[in-house]
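Undergrad: Once you've had a glance at the structure underneath, I'll fire off some questions.
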Amino acid sequence: MRVFQCAVMGSGGVGKSAITVRFIHGSYLEWYDPTNRKQFSVDNQPCLLEILDTAGIDQYLTLNDMFIRESEGFVLVFSLCQRDTFEEIIRTYEAIRRIKLPEGNQIVPLVIVGNKSDLIDEREVDTTEGEKLAMEWKCSYYETSARTSTNISLVFEDIVRQLRRNDLIR
Ligand code: GDP
Ligand code: MG
């Protein structure tokens, strides 16, 4: 089976690992299995997704570039409770375009995720801002909570649909 590679990127502490673990293992902040691979069904078709959780080394830009080269799809995560993390995904997006578009790719499968939607009182970024960015980048925007599991699977289903579409175009 074709293995799709996707990277979860964003500032430290936004919940990249929590989202990945929630999706792969169905748990919150506890796991025992280091393999970030999951077989599941999207639109009644099985798929195998390998998720690169860019854990703890976000600050090393050269590594980030390497992650981008190795990945086909991107989940760009920011925290709804921290405005600077929203600004940060814009920089990551620019890096992705710089690295991916010269390869002849016109489309880069990508999803924007605003995480920690459960922390209602601490919100610093409005839904409309995320939606506006998604419109600009022609991609989807989801507000998730790894803690309560809200919308987590939608994110990865969306990326798989985009990766499949990308396979058909090539
Ligand atoms: P990473 O550095 O992006 O991988 O972030 P982590 O997954 O390690 O999460 C950082 C911290 O944010 C964790 O210790 C959690 O306490 C918290 N966190 C992650 N996701 C959520 C969420 O959806 N809601 C809340 N309230 N906290 C979260
Ligand atoms: Mg992490």
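Undergrad: Can you tell me which of (1) open to solvent by 10 Å² or more (accessible area, probe 1.4 Å); (2) touching a residue at least 12 places away in the same chain (Cβ under 8 Å) is the one residue 111 doesn't meet?
TA: With respect to (1) open to solvent by 10 Å² or more (accessible area, probe 1.4 Å); (2) touching a residue at least 12 places away in the same chain (Cβ under 8 Å), residue 111 is out only on (1).
Undergrad: In contact with a helix residue (DSSP H, G or I) (Cβ under 7 Å, 6 or more places away or on another chain) and open to solvent by 50 Å² or more (accessible area, probe 1.4 Å): which single residue out of 140, 153 fits that description?
TA: 153
Undergrad: Then there's this: List pairs: first in region 13-34 and within 13 Å of ligand 2 (Cβ to nearest atom), second open to solvent by 40 Å² or more (accessible area, probe 1.4 Å) and among the aromatic types (Phe, Trp, Tyr), Cβ under 6 Å, 6+ apart or cross-chain?
TA: From residues that are within 13 Å of ligand 2 (Cβ to nearest atom), the pairs are 21/31.
Undergrad: Another question, then. Quick one: which residue in 82, 5, 106 is of a type in the set (S, T, N, Q) and under 19 Å from residue 153 (Cα atoms)? First the steps, then the outcome.
TA: On the way: 82 fails: under 19 Å from residue 153 (Cα atoms); 106 fails: under 19 Å from residue 153 (Cα atoms).
Only one candidate passes the filter, namely 5.
Undergrad: Only one of (1) surrounded by fewer than 22 Cβ atoms within 10 Å (Cβ to Cβ); (2) away from ligand 2 (no atom under 16 Å from the Cβ); (3) modelled with pLDDT of 90 or more; (4) of a type outside the set (D, E, K, R) fails for residue 82. Which number is that?
TA: It fails just one condition, (2).
Undergrad: How about region 1-12: which of its residues are more than 10 Å from ligand 2 (Cβ to nearest atom) and either in contact (Cβ under 8 Å) with a residue 60 or more places away in the chain or open to solvent by less than 40 Å² (accessible area, probe 1.4 Å) (or both)?
TA: Listed by number, the residues that qualify are 2, 3, 4, 5, 6, 7, 9, 11.
Undergrad: Is at least one residue of region 58-71 touching a Pro at 6+ places or on another chain (Cβ under 9 Å), more than 13 Å from ligand 2 (Cβ to nearest atom) and polar (S, T, N, Q)?
TA: no
The values are calculated or read from the model by the stated rules, or taken from the named source; none is laboratory data. The model shown is predicted, which means the values in this text are computed figures rather than measured ones. Methodologically, a virtual Cβ is constructed for each residue, glycine included, from the backbone with ideal geometry; neighbour enumeration extends over all protein chains shown. Please note that ligands, DNA and RNA were not included when accessible areas were found on the heavy atoms of the full protein model with its side chains. Shrake-Rupley method; radii C 1.70, N 1.55, O 1.52, S 1.80 Å.
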